[in-house]
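Heads up, the thing below is written out as structure tokens.
The values are calculated or read from the model by the stated rules, or taken from the named source; none is laboratory data. All figures in this text were calculated on a predicted structure; none of them were measured in a lab. In this analysis, Cβ positions are derived from the backbone assuming ideal geometry, glycine residues included, and neighbour counts consider all displayed protein chains.
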Amino acid sequence: MSIGEKNGRQVTRSAVLSLSEDQGSTLTLETLSLRGWKSDLLAELNRSAVRKQLSIAMAGVACINLVTFMICQVIYVPDGRADFRHPLLWFVELVAILAFLRKSLGRGWIRSSTAINLVVKFWTTFLILSFNLVTLNSFTGFGLAWYKPVWATLSTFLFASLAWVFSPWFFVPAVQMWATGLLMVNFPHWAFLIYGVSWWLALMGIAIDLRRKEPVGR
């Protein structure tokens, strides 16, 4: 790594960024400028082998998630008791999503670009915290299922984090998830459906945007 100063004002740095220990490719950042490394990150994503399939992958994940939460809504019983069918459904959903991503993006898709690897790390953290909320709520009793609107807060944080890293447009679904939390509080018996539909809208919006911005000639 080299650090140099030009005209006493601008500092540049050459660095190699690798977010996966076994990743075959690395991303070289030539500037400390926020806009600069964002551009490098997106440029590497556009060069990746899975770029053209990303819109299909996002649309598929959106539909799998929607179906899962529609089933959660159908089997929901507002009696305050724990329903172990819900975590079972969420586990099945996770397996289905991973299988679909493997099929649509190919083997090794997680390491196909630094940007995708970073998003997967955000997503993994989000899933861990989401499950942790359900576990904590189980100790206080599901008479008040407070984990559901807090899921929306976690979703807001996830999209806001993506906005800082990739594009300010991710603040749109971040605000959407904030509004989703308000709806879940006001209509608690429909929280699963509200949450599932909101995520479907967010992911489909991302899929459409990815499709619209696909690199020409790839």
Review point. What number goes with the only condition from (1) touching a residue at least 24 places away in the same chain (Cβ under 8 Å); (2) assigned to a helix (DSSP H, G or I); (3) more than 17 Å from the chain's Cα centre (by Cα) that Pro173 does not pass?
Key: (3)
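Applying the selection to the range 131-146, what residues are among the small types (Gly, Ala, Ser) and farther than 17 Å from Leu88 by Cα? First the steps, then the outcome.
Residues of the range 131-146 among the small types (Gly, Ala, Ser): 138, 141, 143, 145.
Result: Gly141, Gly143, Ala145.
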Exercise for review: Determine which single condition Gly106 fails, assuming it passes every other condition in (1) within 16 Å of the chain's Cα centre (by Cα); (2) within 26 Å of Arg47 (Cβ to Cβ); (3) surrounded by fewer than 16 Cβ atoms within 10 Å (Cβ to Cβ).
Suggested key: (1)
**Study point:** One residue from Ala57, Ala62, Ala96, Ala82 being closer than 18 Å to Trp151 by Cα, modelled with pLDDT of 90 or more and not β-branched (Val, Ile, Thr)
**Key:** Ala62
Check your understanding: Which pairs have Cβ atoms under 8 Å, sit 6 or more apart or on different chains, and link a residue in the range 92-116 that is assigned by TED's automatic domain parsing to the domain that holds Ser39 to one that is β-branched (Val, Ile, Thr)?
Key -> none
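This table checks each residue for (1) acidic (Asp, Glu); (2) under 24 Å from Asp209 (Cβ atoms); (3) not in a helix (DSSP H, G or I).
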position: Asn46; (1), (2), (3): no, yes, no
position: Ala57; (1), (2), (3): no, yes, no
position: Val67; (1), (2), (3): no, yes, no
position: Pro78; (1), (2), (3): no, no, yes
position: Val95; (1), (2), (3): no, no, no
position: Arg102; (1), (2), (3): no, yes, no
position: Val119; (1), (2), (3): no, yes, no
position: Thr125; (1), (2), (3): no, yes, no
position: Leu133; (1), (2), (3): no, no, no
Review point. Out of curiosity, is Thr153 surrounded by fewer than 17 Cβ atoms within 10 Å (Cβ to Cβ), of a type in the set (Ser, Thr, Tyr) and touching a Gly at 6+ places or on another chain (Cβ under 9 Å)?
Key: yes
Practice item. Scan the range 74-85 residue by residue and report those that are surrounded by fewer than 17 Cβ atoms within 10 Å (Cβ to Cβ) and either more than 22 Å from Leu201 (Cα to Cα) or touching a helix residue (DSSP H, G or I) at 6+ places or on another chain (Cβ under 7 Å) (or both). Key: Ile75, Val77, Pro78, Asp79, Gly80, Arg81, Ala82, Asp83, Phe84, Arg85
Study note, to complete from the structure: Residue hits (the range 80-90; farther than 17 Å from Trp199 by Cα and either not assigned by TED's automatic domain parsing to the domain that holds Ala202 or not in a loop (DSSP other than H, G, I, E, B) (or both)) are Arg85, His86, Pro87, Leu88
Review point. Among the residues of the range 158-168, is any closer than 23 Å to Leu210 by Cα, touching a residue at least 60 places away in the same chain (Cβ under 8 Å) and among the aliphatic types (A, V, I, L, M)?
Key: yes
